[in-house]
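A.B. asks: Take this structure first; my questions come after.
The values are calculated or read from the model by the stated rules, or taken from the named source; none is laboratory data. All values reported here derive from a predicted model rather than from experimental measurement. Reconstructed Cβ throughout: ideal geometry from the backbone, glycine too, with neighbour counts over all protein chains shown.
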Amino acid sequence: MKAWLLDNFGLDNLRLGEVPTPAPKENEVLIKVSVVSLNFRDKAIVDGIYEPEMIPKPLIPVSDAVGVVVAVGAGVSHLKEGDRVNSHLYSTWVDGDPKPNEPDFCYGAPLRGGLAEYMILNAASAVKAPEAMTDEEASALPIAALTAWYSLMDYGQLQPGQTVLVQGTGGVCVFAVQIASAFGAKVIATSSKDENLAKVKALGAWEGINYTKRPDWEKVALELTDGKGVDQLLDVVGGDGLNQSVAATRVGGHISQIGFLQGQTAKLDLMRVIFRQTAIRGIAVGPSRAFERMNDFLNKHEIHPVIDKAYPFEQAREAYEHLARGAFGKVVIKGACNP
Ligand SMILES: NC(=O)c1ccc[n+]([C@@H]2O[C@H](COP(=O)([O-])OP(=O)(O)OC[C@H]3O[C@@H](n4cnc5c(N)ncnc54)[C@H](OP(=O)(O)O)[C@@H]3O)[C@@H](O)[C@H]2O)c1
């Protein structure tokens, strides 16, 4: 099969090649990939800044895919040839609490990803793709949408009328705006671009803050919430900015620590965390049962993922470059058999 292969770190080392088509083993299915979507994780893996010691080489990158089942391994009864399914990043995390070794079973590193003609999925965690969505839309769900959903609903136990702050207008946060707003929460979004703030407001956000014009965005968030702070904050920025997130979140509020766009370590003012009794929880996407619950919600509220651009399979490197420049919503890549 055709596959993009990462021989070494750096986008120049991503090359189009051929590898044997895998056959599904027990409890696995083989899908013909229709579309994959890019996440910051995929770029960080290629750049060599995402757990570089766990990346096998060559690697077929990209975790998030939608495709059609073309072969079924022994022991699989709930999926059949012709089913349209999504990959689920944490391929062995189906429900309940995660096991300590879940990161060892993630697609797109260390397991093979979907930037190829075919992809092997663990049948237990593969999720039927929402019928109302196109392949491009469905490909956007596995990491970005589920991370937003799991943070807001499973961890944050969001209630209608509560306030939520989301940082930037990347993949996770655009989904968070759509989901939380549809649920009846008041979402404050930040962005470096006024035009993106207008776009998230059109998707339901209540207020926007340009964090370039207002680097003290946490003060604006306090003003917007009568000095209390937001009930929940989805932190995708990381680094020392976590102190601003604590300041912007109400006493006893929840922070989902999702990302590390600004740094993988933080010098945290513990006295502020103690006085504000902030709950900070690391989030690792979520289990596949939460993915199914999310799909029910997306269907019910007729929410469709925002796709910035779809690239042909041969232009995978251009898609990575697009993500690096910044996107509004998701950058996706069509499968090799999907012109
Ligand atoms: N833990 C998990 O389960 C999980 C899951 C998904 C993602 N993540 C992590 O979360 C982060 C975001 O992922 P993504 O896929 O949503 O990224 P993305 O689509 O590449 O989005 C990046 C966006 O973040 C915004 N941004 C960048 N620097 C910022 C800053 N200093 N302050 C506020 N916003 C800033 C920018 O928005 P504007 O252009 O609007 O300024 C940028 O477009 C990454 O670190 C990723 O690895 C973690």
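A.B. asks: Determine whether VAL331 is part of a strand (DSSP E or B) and within 11 Å of the ligand (Cβ to nearest atom).
C.D. replies: Values: part of a strand (DSSP E or B): yes; within 11 Å of the ligand (Cβ to nearest atom): yes.
Spelling it out, VAL331 is indeed part of a strand (DSSP E or B) and within 11 Å of the ligand (Cβ to nearest atom).
This table checks each residue for (1) within 13 Å of the ligand (Cβ to nearest atom); (2) buried (at least 20 other Cβ atoms within 10 Å of the Cβ); (3) within 19 Å of the chain's Cα centre (by Cα).
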| site | (1), (2), (3) |
| --- | --- |
| ASP194 | yes, no, no |
| ASN210 | yes, no, no |
| LEU222 | no, no, no |
| GLY227 | no, no, no |
| ASP240 | yes, no, no |
| GLN244 | yes, yes, no |
| ALA247 | no, no, no |
| ILE255 | yes, yes, yes |
| LEU268 | no, no, no |
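A.B. asks: I would also like to ask the following. Looking at (1) of a type outside the set (Gly, Ala, Ser); (2) crowded, with 17+ Cβ neighbours inside 10 Å; (3) modelled with pLDDT under 95, find the lone condition where MET54 falls short.
C.D. replies: Exception for MET54: condition (2).
A.B. asks: Could you give every pair whose Cβ atoms fall below 7 Å, whose first residue belongs to segment 119-143 and is charged (D, E, K, R), and whose second residue is at pLDDT 95 or above and crowded, with 24+ Cβ neighbours inside 10 Å, counting only separations of at least 6 or pairs across chains?
C.D. replies: ASP135/VAL35; ASP135/VAL66; GLU136/VAL35; GLU136/VAL332; GLU137/PRO305
A.B. asks: Could you list, in sequence order, all residues of segment 28-48 that are within 16 Å of the ligand (Cβ to nearest atom), touching a residue at least 60 places away in the same chain (Cβ under 8 Å) and under 20 Å from GLU102 (Cα atoms)?
C.D. replies: Across segment 28-48, the qualifying residues are ASN39, PHE40, ARG41, ASP42, ILE45.
A.B. asks: I'd like the full set of residues that are of a type in the set (Ser, Thr, Tyr) and buried (at least 19 other Cβ atoms within 10 Å of the Cβ), limited to segment 66-123.
C.D. replies: Once the filter is applied, which keeps residues that are of a type in the set (Ser, Thr, Tyr) and buried (at least 19 other Cβ atoms within 10 Å of the Cβ), segment 66-123 yields SER87, TYR90, SER91, TYR107, TYR118.
A.B. asks: Next question. Determine if segment 162-180 includes at least one residue that is under 23 Å from GLY282 (Cα atoms) and among the hydroxyl-bearing types (Ser, Thr, Tyr). It would help to see each step written out before you state the result.
C.D. replies: Taking segment 162-180 as the starting set, the residues that turn out to be under 23 Å from GLY282 (Cα atoms) are 162-180.
Imposing the further condition that a residue be among the hydroxyl-bearing types (Ser, Thr, Tyr) reduces the set to 163, 169.
Scanning segment 162-180, I find at least one residue that is under 23 Å from GLY282 (Cα atoms) and among the hydroxyl-bearing types (Ser, Thr, Tyr), so the answer is yes.
A.B. asks: Tell me yes or no: at least one residue of segment 186-199 is on the phi > 0 side of the Ramachandran plot and of a type in the set (Gly, Ala, Ser). It would help to see each step written out before you state the result.
C.D. replies: As a first pass, look at segment 186-199 and keep what is on the phi > 0 side of the Ramachandran plot: none.
For segment 186-199, residues on the phi > 0 side of the Ramachandran plot and of a type in the set (Gly, Ala, Ser): absent.
A.B. asks: OK, next. Take GLN232 and tell me if it is more than 12 Å from the ligand (Cβ to nearest atom) and either within 27 Å of TYR50 (Cβ to Cβ) or among the basic types (Lys, Arg) (or both). Reasoning before the result, please.
C.D. replies: Values: more than 12 Å from the ligand (Cβ to nearest atom): yes; either within 27 Å of TYR50 (Cβ to Cβ) or among the basic types (Lys, Arg) (or both): yes.
So GLN232 passes the test.
A.B. asks: Mind counting the residues in segment 311-339 that are closer than 25 Å to LEU203 by Cα and over 17 Å from the mean Cα position of the chain (by Cα)?
C.D. replies: 2
A.B. asks: Being surrounded by 21 or more Cβ atoms within 10 Å (Cβ to Cβ) and within 11 Å of the ligand (Cβ to nearest atom) is the filter here; which residues of segment 284-295 pass it?
C.D. replies: Within segment 284-295, VAL285, GLY286 qualify.
A.B. asks: Any idea which of LYS57, LYS25 is in contact with an Asp or Glu (Cβ under 8 Å, 6 or more places away or on another chain), more than 16 Å from the ligand (Cβ to nearest atom) and of a type in the set (Lys, Arg)?
C.D. replies: Working: LYS25 fails: in contact with an Asp or Glu (Cβ under 8 Å, 6 or more places away or on another chain).
Exactly one of LYS57, LYS25 is in contact with an Asp or Glu (Cβ under 8 Å, 6 or more places away or on another chain), more than 16 Å from the ligand (Cβ to nearest atom) and of a type in the set (Lys, Arg), namely LYS57.
A.B. asks: With respect to ALA310, determine if the residue is away from the ligand (no atom under 13 Å from the Cβ), out of contact with any helix residue (DSSP H, G or I) (no Cβ under 6 Å at 6 or more places or on another chain), closer than 25 Å to LYS32 by Cα and touching a residue at least 60 places away in the same chain (Cβ under 8 Å). Step through it out loud before you land on a result.
C.D. replies: Numbers: away from the ligand (no atom under 13 Å from the Cβ): yes; out of contact with any helix residue (DSSP H, G or I) (no Cβ under 6 Å at 6 or more places or on another chain): no; closer than 25 Å to LYS32 by Cα: yes; touching a residue at least 60 places away in the same chain (Cβ under 8 Å): yes.
So ALA310 does not fit the description; no.
A.B. asks: Of these, LEU165, LEU146, LEU152, which one is touching a residue at least 12 places away in the same chain (Cβ under 8 Å), within 12 Å of the ligand (Cβ to nearest atom), closer than 20 Å to VAL251 by Cβ and surrounded by 20 or more Cβ atoms within 10 Å (Cβ to Cβ)? So that I can check it myself, show each step before the final result.
C.D. replies: Values: LEU146 fails: closer than 20 Å to VAL251 by Cβ; LEU152 fails: within 12 Å of the ligand (Cβ to nearest atom).
Going through LEU165, LEU146, LEU152 in turn, the sole match is LEU165.
A.B. asks: I'm told ALA310 meets every condition in (1) in the same structural domain as THR134 (by TED's automatic domain parsing); (2) surrounded by fewer than 16 Cβ atoms within 10 Å (Cβ to Cβ); (3) under 22 Å from VAL172 (Cβ atoms); (4) not hydroxyl-bearing (Ser, Thr, Tyr) except one. Can you identify the failing condition by its number?
C.D. replies: Every listed condition holds for ALA310 apart from (2).
A.B. asks: Which of the helices (runs of 4 or more DSSP H) found entirely inside segment 211-327 contain at least 1 residues meeting this: touching a His at 6+ places or on another chain (Cβ under 7 Å) and of a type outside the set (Gly, Ala, Ser)?
C.D. replies: Numbers: elements: 217-224, 242-248, 270-276, 288-300, 316-325.
Those helices (runs of 4 or more DSSP H) span 288-300.
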